[in-house]
Amino acid sequence: MNYAHYSHVAELFDFPGPELAPRGRALLDFLSENYPAAAVEVEHFLDAIPEKTLDLQELHTRTFDVQSLTTLDIGYVLFGDDYKRGALLSNLNREHAQAENDCGRELADHLPNVLRLIPKLKDQNLLNDLVRQILVPALMLMIREFEPGRIEKKNANYRKHYKTLIDPAAGCDSTVYRLVLKAVLQVLAKDFQVTETMTKLSDWSSRPQAVDFLRLVEKEMDIERDANPVNSGCDA
């Protein structure tokens, strides 16, 4: 099967420039014909993102980086700083190198890098394992982080730590990236027949996890505060 479309799906998660919207519209034409459910999500995403590039970049940063709702580093989503993430990074680094897949300045488990690896992997069994055991569980946990209750808890921690909260552009839906995460999951479900896997994982992903992004955020802010209370935004 030709998996070239994953390279184009990956572009939706790159740090955005003015090319995001036209590339997204080109991808939408492909998805509408082959993955109609995913196309609906991407169309809503493209209709909702800010028109100004700077506002779009700030939205991306607020979603995945500074005061983030989740992260694009899927190994961190699954394992936090556990040694298992190190093992995953080591294995992915090897596969990226063998496939000549350039990861740029990001780590091997960065979602766009992993999506671009899909059409370059020759071992179908390895690819199936990557999708079922890594990508699908990670995406389900990432999508969970956009639930209103979890966002409010993260924002409360950010307010406490930084004293201020970064606001998205006026009139912008701060959770809009959840739509393209859902779209990727739907494309994977069709290409790799993982609907049953997703059903089995749905209960697991809705429960508190040993590795939980919300708790990881709290832990990192506590470490930063204790290490440098003056510059952390907290009272010394």
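The values are calculated or read from the model by the stated rules, or taken from the named source; none is laboratory data. This structure is a prediction, so every number in the text was calculated from the model and none was measured. All Cβ positions, even for glycine, are placed from backbone atoms using ideal geometry, and neighbour counts span all protein chains on display.
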Mind telling me which of the residues Cys172, Cys103 ends up being over 17 Å from the mean Cα position of the chain (by Cα), surrounded by 15 or more Cβ atoms within 10 Å (Cβ to Cβ), among the hydrophobic types (A, V, I, L, M, F, W, C) and within 21 Å of Pro16 (Cβ to Cβ)? Cys172
Within the stretch 187-204, identify whether any single residue is of a type in the set (Lys, Arg) and surrounded by 16 or more Cβ atoms within 10 Å (Cβ to Cβ), and answer yes or no. no
Within the stretch 9-36, the count of residues that are under 19 Å from the mean Cα position of the chain (by Cα) and closer than 17 Å to Gln186 by Cα comes to 7
Scan Val187, Val180, Val211 and give me the residue that is modelled with pLDDT of 70 or more, farther than 25 Å from Gln124 by Cβ and not hydroxyl-bearing (Ser, Thr, Tyr). Val180
Given (1) buried (at least 18 other Cβ atoms within 10 Å of the Cβ); (2) touching a His at 6+ places or on another chain (Cβ under 8 Å); (3) free of Cβ contacts under 8 Å to residues at least 24 places away in the same chain, identify the lone condition not met by Arg23. (1)
Filter the stretch 52-71 for residues that are outside any helix (DSSP H, G or I) and crowded, with 20+ Cβ neighbours inside 10 Å and give the result. Leu69, Thr70, Thr71
Kindly check whether there is at least one residue in the stretch 128-141 that is assigned to a helix (DSSP H, G or I), of a type in the set (Lys, Arg), in contact (Cβ under 8 Å) with a residue 60 or more places away in the chain and surrounded by fewer than 20 Cβ atoms within 10 Å (Cβ to Cβ). yes
